[in-house]
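The values are calculated or read from the model by the stated rules, or taken from the named source; none is laboratory data. On a predicted model such as this, the values are computed, not experimentally measured, just so you know. Note that we place each Cβ from the backbone using ideal geometry, even for glycine, and neighbour counts take in every protein chain shown.
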Protein chains: 2
Amino acid sequence: ELLEHINDFLAPAQLLAGKKLTITAGPTREALDPVRYISNHSSGKMGFALAAEAVRLGADVTLISGPVNLPTPQGCQRVDVTSAEQMLAASLAVAEQQDIFIGCAAVADYRAAEIAPEKLKKQGDRIAIELIKNPDIIASVAEQTSNTIVVGFAAETQNIAQYARNKLTQKGLHMIAANDVSGNDIGFNANDNALSVFWHDGQHTIEQSSKQQVAAQLLALIQQHLMQ
Amino acid sequence: ELLEHINDFLAPAQLLAGKKLTITAGPTREALDPVRYISNHSSGKMGFALAAEAVRLGADVTLISGPVNLPTPQGCQRVDVTSAEQMLAASLAVAEQQDIFIGCAAVADYRAAEIAPEKLKKQGDRIAIELIKNPDIIASVAEQTSNTIVVGFAAETQNIAQYARNKLTQKGLHMIAANDVSGNDIGFNANDNALSVFWHDGQHTIEQSSKQQVAAQLLALIQQHLMQ
């Protein structure tokens with residue numbers, strides 16, 4: 001059994017051989033004017049770890065990434081985007097041809113209602129900026145594909161299982177991986193992660209581990225529970 | 001004359017020998033909730049180039065930096081901050097003891113009026129977020145110091161000379177360096193820069209060049225025109 005494990009490590013079972021897999025990663029940035037933007041603390045590490053692991057398992061991987069400071073994992077095709085609308089367009093362009101689509105990006109929920117063409121000058125002591133809702137990328141991908149397995153992520157700071165199960169149903173996903181970003185040891189910018197994974201008739205907890213190991217476990221769950 | 005230039009390069013005149021110099025660099029990030037923030041495209045490259053050049057000229061350099069992805073220039077002391085309020089506190093803690101204070105950071109003009117303790121859930125199609133004005137760090141430093149030479153930066157996309165001269169006077173600075181961030185070849189994230197520099201009885205244009213060379217020229221202008 002030990003030998004089997006070692007063999008597995010050296011030449012992992014090509015569980016995703018020949019499968020087409022697209023992963024979104026990182027934050028999106030929503031411009032307020034030519035110099036300012038709204039964004040979030042996503043480092044892109046989890047999505048990049050998933051891409052690297054999927055390549056290792058034999059998949060044909062497209063990585064759609066927001067602005068991050070990470071090298072492209074060897075063997076995958078990278079598409080760089082900035083805003084949620086750009087990420088949506090890049091995602092819908094490929095989604096139908098994928099076997100698996102994993103939305104790991106931390107897409108900004110809102111963007112500026114109007115992007116100022118010049119840098120906004122300081123105005124009063126208090127100002128209000130108006131924001132409008134961004135498209136829901138993973139829900140759009142789920143709606144506009146028929147044979148693609150669609151897996152979402154949810155970053156939560158409270159009531160994790162409840163919010164995650166609601167999103168699974170409302171967005172029409174096949175699986176959702178929720179992580180608790182309220183702590184500092186896992187989630188955004190950290191090297192470790194831990195996930196509570198939900199699908200329609202099951203759930204599984206991936207304990208705290210490196211993002212690479214968490215990625216391997218999540219891909220194994222997708223393969224075991226959604227690819228029959 | 002050539003030999004003189006070579007000697008100058010190998011062992012530059014220690015124009016700032018023994019001088020204490022603090023430089024702020026990079027953007028600030030203003031939290032909206034535990035995961036979202038407002039920031040800007042400042043890369044920190046210009047401030048870090050100034051710090052490296054000031055060390056080369058013999059100064060005792062403190063670099064107060066917002067979140068950037070740059071290595072600390074050798075020989076300077078680095079203080080990392082996130083928000084404008086943190087940068088203000090770090091700046092005022094050292095400003096009075098400095099010979100020169102250069103505010104090169106792209107400080108967010110506004111921060112959230114209230115930082116939500118939990119991640120904000122998606123709400124309506126349009127929301128307004130209320131922002132309040134951040135402290136003006138370079139103006140506060142100018143106001144609260146008596147013998148420190150205070151140099152500001154201004155990132156503008158239009159009417160550069162007019163806005164810069166207004167800021168020079170209104171903020172009580174000794175010099176202001178304005179750069180035009182409307183193009184892509186200089187300014188934020190670029191490796192080159194070009195500056196229009198104004199002081200009370202003069203002005204000078206630093207033509208487009210590497211940020212390292214622009215830094216050397218700006219420090220020379222400060223030395224020539226403000227340190228008599």
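Table for the structure above
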read-out	value
Answer from B:A93, B:A108, B:A84, B:A52 - the residue that is in contact (Cβ under 8 Å) with a residue 24 or more places away in the chain and more than 14 Å from chain A (Cβ to nearest Cβ)	B:A52
Those residues of segment A:214-225 which are among the polar types (S, T, N, Q) and over 16 Å from the mean Cα position of the chain (by Cα), in sequence order	A:Q223, A:Q224
Extreme residue, nearest to B:D33 (Cα to Cα), among residues of segment B:102-154 that are in contact with a Ser or Thr (Cβ under 7 Å, 6 or more places away or on another chain) and of a type in the set (G, A, S)	B:A108
Segment A:46-61, subset out of contact with any Cys (no Cβ under 6 Å at 6 or more places or on another chain) and surrounded by fewer than 24 Cβ atoms within 10 Å (Cβ to Cβ), residue nearest to B:T157 (Cα to Cα)	A:A52
Where B:E96 falls short, out of the listed (1) in contact with a Ser or Thr (Cβ under 8 Å, 6 or more places away or on another chain); (2) closer than 29 Å to B:A194 by Cα; (3) surrounded by fewer than 20 Cβ atoms within 10 Å (Cβ to Cβ)	(2)
Count of residues meeting criterion [closer than 27 Å to B:R111 by Cα and in contact with a strand residue (DSSP E or B) (Cβ under 6 Å, 6 or more places away or on another chain)] in segment B:52-71	5
Check on B:D8, away from chain A (no Cβ under 14 Å), surrounded by fewer than 20 Cβ atoms within 10 Å (Cβ to Cβ) and modelled with pLDDT of 95 or more	no
Subset of segment B:81-116 [assigned to a loop (DSSP other than H, G, I, E, B) and closer than 20 Å to B:N179 by Cβ]	B:C104, B:A105, B:V107, B:A108, B:D109
All strands (runs of 3 or more DSSP E) inside segment A:133-228 with 3 or more residues being within 14 Å of another protein chain (Cβ to nearest Cβ) and within 30 Å of A:A113 (Cβ to Cβ)	A:149-156
Any chance B:I186 is at pLDDT 95 or above and crowded, with 19+ Cβ neighbours inside 10 Å	no
Residues of segment B:36-80 classified as under 30 Å from B:A116 (Cα atoms), part of a loop (DSSP other than H, G, I, E, B) and in contact with a Leu (Cβ under 9 Å, 6 or more places away or on another chain), total	2
